[in-house]
Amino acid sequence: MNLSLKRIKSQNQMTNIYIGSALLILSILDVFLNSFFRINISGSLPGNLSIFFPLILGFLGLSYLRTEYSGYKFLDSLNKNINTTNFNAFLTLFITFAILKAFPPALSWMVLDANISGDTKEACTGTGACWTYIKVWFKRFMYGMYPNELHWRINSAFLLVIGLGFVGYFFKENLKKYLALYYVVIYPIIAFLIIYYLISGGSFGLVWVETGAWGGLSLTFIVSFFCLIFCFPLGMILALGRRSNLPAIRYISVGYIEFWRGVPLITVLFMSSVMFPMFLPQDFFMDKLVRVIIAITLFEAAYCAEVIRGGLQALPRGQYDAAKSLGMGYWKMHIFVILPQALKLVIPGIANTFLALVKDTPLIFVVGLAEIAGMLALAKTNPKWLGFAMEGYIFAAIIFWIICYAMSKYSYNLEEKYKTER
Amino acid sequence: MNNKIKRILPQLLTILFVVLVFGFFTINAQVNMDNRGIDFGFGFLSQEASFDMQFTLLDYDGQDSYLWAYVVALLNTLLVSFLGIIFCTILGVIIGVARLSQNFLIKNSAAWYVEFFRNIPLLLQIFFWYYAALRALPLPENAQPWFGVTYMTIKGYYIPSMIWENLNVFMSCLIAAIVAIIFIRVYARKIQEKEGKQLPVLYISLALITILPLLSFLIGGVTLDFEMPVLKQLAQTSFIFEGGIALPPELIALVLALSLYTSTFVAECVRAGIQGISKGQKEAAASVGLTPNQILKLVIMPQALRIIIPPTTNQYLNLTKNSSLAAAIAYPDLVLVFAGTALMQTGKAIEIVGITMLTYLSISLAIAALMNWYNKRIEIKEK
């Protein structure tokens, strides 16, 4: 019986719609009452039938409702969107019921039965989540072991760095040509100085805080921020090198890029923590955090180079030819003609690289830096707070999800914006 | 003359720079190793490893050499990657197709699935499954069977193991069936090109691949037994399952997280591939009289696969590299066993980290070479 495209006489159509909607509403009501109020109206049916009862009812209802044109706007859009064939109707019901079934337990665990008051584990008496744990540990998750009374230093350093990042928007027309210089050279130096003097301290009357105490989400930002601003210039050089027509330079660049892209980040981190100190001169001490930042920068520069190479390749040949015909040399051509256009093309790609970088930073946990995953591991094994791994990981996942989702949406917008301009 | 200098000078400077950097590091390494009394060499590979691994595919114990430990650990890495690739492909194809569905609910659920799993760091996902979700499973004594014979417990997933007799007969039957199918396909194509007749290749192949192995059971003396996992009491409150195959929770968490995370990227590749084919192709195929099945098989899929396969291979490569996160939850993979335990015991940092990186590098380069070859083969040859 082919229900999908049956023609119905107009006097039967109303009857079909009434029967169909009644059946559909009954099936949804059954699942709804079952999951929210634990009332089982189909419980009297034998055995497994009661589980499939709403599915069968809803399926019949949807197939009765399926008509080519009913004249009701809502019903027509319903048919067009979720009820085109038997298979579609089945999937629709399945997903609807799955959401209805899963929603109440999740809601009661996260909100209704959860605890947030109090300061100790004993405050958590409900069967739901223990958000007290997150509340007590919140500062640790954000700032690591950084002394509590000095948190303003991290906050103000971040605000300053972000503020300086937006300075470019307010450049006057005649200063615009220095924009690239500012972002590629001056800004990284200023940012480094701010973070060094403000977060690390040690001078200007600020107390020295060693990098071992840094941690939590702020460390994620510090590491990914520095890696991004350092890997960008390096990636640019490598991309140019890979497209160079001088064989030695090209092969060295290709070798570098393929090497770093071929190894997992975790081995690079191991290298930075156990192998790299062997390569340094004797008595030369380099902080672990600095080593890790260097390692991630070298690693990420290879990916960055591939993104920039994509931009260079996307430029039409005419741009190169035109620049050469004006008598420009290699560097002049690239600085004034090629790179400005290519870099504009790769901004979305760079945003994606940064997103990947932020998602990769929790890995520094494996070499003993107490980034947010490290703080979670610490909190989880604290004897006073055993048994709250679930809450901790869900909290971290939510934070990361918000950051990464916002960034991916932003990079998507950038992509759309630059697509139309060309 | 001037031009020649312009070409040679930058290259010389670059090479000089690279050589200087390498030389600087080598000299430092030499001095450092001399001071600490470590010598460079790979002799340690034949020494006794004297550490244990929780989960191995091949026989291994502490008396074996470091080289054998390396092989066993590499196999563990490959096992995780293999399982992850299979599951992420299945999930990814389903989700990718679902994202193109006309059904509003399915399309959006698939889109949210992708957004959800793609935007959470993989390490956190692994931790979530391992430390939070799998710890909520029942103890062995309370476990309810899944599908009647398998048990999901806090100590791992227990499945029946297969005990074969005359496995080689069965295998040779299987291989014979596959070879026969290949021959029949070649023959069918010839017939079609010569006479325009079509053989029912699919039915013949299905028949062959079921009948031949079945015959091996009936005539070849092949038997298959299942060893069920059985609950055993060790002490008053301590129970374990014995028999069958035990998949440790580390493996399960790792495969779950890797395949859920990578499936979102595979789904995007699949979606892009199917969207990349213009509607005109389908209409043109229909207008020359191909059936819907033929359109899918002869027109849509070959073109879609050309777009889908290269980025998907890249994702498989990423999954293999990401499987090194196993070290964070103590699954005995290459990084944990070799760059972790073996390094601690021998102190040969340079050699061991070097071997580990080279291993991953050669896997990557091998897959990249394979992909380039494939790309060349399926490339549209324009005149």
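Values as computed for the structure displayed
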{"item": "Per-region count, the stretch A:374-407, residues outside any helix (DSSP H, G or I) and either more than 10 Å from chain B (Cβ to nearest Cβ) or on the phi < 0 side of the Ramachandran plot (or both)", "result": "4"}
{"item": "Filter result for the condition that a residue is free of Cβ contacts under 8 Å to residues at least 24 places away in the same chain and surrounded by 18 or more Cβ atoms within 10 Å (Cβ to Cβ), over A:Phe336, A:Phe365, A:Phe354", "result": "A:Phe365"}
{"item": "In the stretch B:48-67, the residues that are over 22 Å from B:Ile245 (Cβ atoms) and either assigned to a helix (DSSP H, G or I) or within 22 Å of the chain's Cα centre (by Cα) (or both)", "result": "B:Tyr66, B:Leu67"}
{"item": "Selection count where residues are assigned to a helix (DSSP H, G or I), within 21 Å of A:Asp30 (Cα to Cα) and under 39 Å from the mean Cα position of the chain (by Cα), scope the stretch A:53-85", "result": "7"}
{"item": "Scan of the stretch B:240-279 for residues that are in contact (Cβ under 8 Å) with a residue 60 or more places away in the chain and among the hydroxyl-bearing types (Ser, Thr, Tyr), ordered by number", "result": "B:Ser259, B:Tyr261, B:Thr262, B:Ser263, B:Thr264"}
{"item": "Every residue from the stretch A:105-135 that is touching a Lys or Arg at 6+ places or on another chain (Cβ under 9 Å), in contact (Cβ under 8 Å) with a residue 40 or more places away in the chain and not polar (S, T, N, Q)", "result": "A:Lys121, A:Cys130, A:Tyr133"}
{"item": "Criterion: away from every other protein chain (no Cβ under 14 Å), over 27 Å from B:Gln11 (Cβ atoms), in contact (Cβ under 8 Å) with a residue 12 or more places away in the chain and in a helix (DSSP H, G or I) - qualifying residue of A:Leu289, A:Leu269", "result": "A:Leu289"}
{"item": "Enumeration of residues in the stretch B:102-127 that are over 17 Å from A:Tyr405 (Cβ atoms) and crowded, with 18+ Cβ neighbours inside 10 Å", "result": "B:Asn103, B:Leu105, B:Ile106, B:Leu123, B:Ile126, B:Phe127"}
{"item": "Hits in the stretch A:408-422 (condition: at the interface with chain B (Cβ under 10 Å from one of its Cβ atoms) and of a type in the set (Lys, Arg))", "result": "A:Lys409"}
{"item": "Helices (runs of 4 or more DSSP H) wholly inside the stretch A:148-263 containing at least 3 residues that are closer than 30 Å to B:Leu319 by Cβ and away from chain B (no Cβ under 14 Å)", "result": "A:216-242"}
{"item": "Tabulated pairs, the stretch B:105-126, first free of Cβ contacts under 8 Å to residues at least 12 places away in the same chain, second polar (S, T, N, Q), C-beta under 6 angstrom, 6+ apart or interchain", "result": "B:Leu105/A:Thr92; B:Lys107/B:Ser101"}
{"item": "Looking only at the stretch B:67-77, and only at residues there that are touching a residue at least 24 places away in the same chain (Cβ under 8 Å) and hydrophobic (A, V, I, L, M, F, W, C), the one that is nearest to B:Cys269 (Cα to Cα)", "result": "B:Leu74"}
{"item": "Close pairs from the stretch B:311-337: first outside the structural domain of B:Thr77 (by TED's automatic domain parsing), partner modelled with pLDDT under 90 and part of a helix (DSSP H, G or I), Cβ under 7 Å, at least 6 apart", "result": "none"}
{"item": "Residues satisfying the stated conditions in the stretch B:362-374, i.e. among the aliphatic types (A, V, I, L, M) and either at the interface with chain A (Cβ under 8 Å from one of its Cβ atoms) or surrounded by 15 or more Cβ atoms within 10 Å (Cβ to Cβ) (or both)", "result": "B:Ile363, B:Leu365, B:Ile367, B:Ala368, B:Met371"}
{"item": "Failed item in (1) without any contact (Cβ under 8 Å) to a residue 24 or more places away in the chain; (2) within 10 Å of chain B (Cβ to nearest Cβ); (3) part of a helix (DSSP H, G or I); (4) under 22 Å from B:Thr14 (Cβ atoms), with A:Met275 passing the rest", "result": "(4)"}
{"item": "Residues being under 30 Å from B:Ala304 (Cβ atoms), in a helix (DSSP H, G or I) and either among the small types (Gly, Ala, Ser) or more than 8 Å from chain A (Cβ to nearest Cβ) (or both) - total across the stretch B:97-148", "result": "11"}
{"item": "Out of B:Thr359, B:Thr341, sole residue that is away from every other protein chain (no Cβ under 12 Å), hydroxyl-bearing (Ser, Thr, Tyr) and either part of a helix (DSSP H, G or I) or surrounded by 15 or more Cβ atoms within 10 Å (Cβ to Cβ) (or both)", "result": "B:Thr341"}
{"item": "Condition broken by B:Ala330, with the remaining ones in (1) facing chain A (nearest Cβ under 9 Å); (2) under 23 Å from the mean Cα position of the chain (by Cα); (3) more than 23 Å from B:Gln315 (Cα to Cα) satisfied", "result": "(1)"}
{"item": "Selection status of A:Phe103, within 14 Å of another protein chain (Cβ to nearest Cβ) and either basic (Lys, Arg) or crowded, with 18+ Cβ neighbours inside 10 Å (or both)", "result": "no"}
{"item": "Of the criteria (1) part of a helix (DSSP H, G or I); (2) more than 28 Å from B:Ala98 (Cβ to Cβ), which one A:Ser117 fails", "result": "(1)"}
{"item": "Residue list for the stretch B:9-42, filter: more than 11 Å from chain A (Cβ to nearest Cβ) and either modelled with pLDDT under 75 or outside any helix (DSSP H, G or I) (or both)", "result": "B:Gly37, B:Asp39, B:Gly41, B:Phe42"}
{"item": "Residue within the stretch B:55-67 that is over 30 Å from A:Ala89 (Cα atoms), among the aliphatic types (A, V, I, L, M) and crowded, with 20+ Cβ neighbours inside 10 Å present", "result": "no"}
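The values are calculated or read from the model by the stated rules, or taken from the named source; none is laboratory data. Bear in mind that the values here come from a model prediction, so they are computed numbers and not experimental data. Cβ sites come from the backbone with ideal geometry, for glycine too, and all protein chains shown count toward neighbours.
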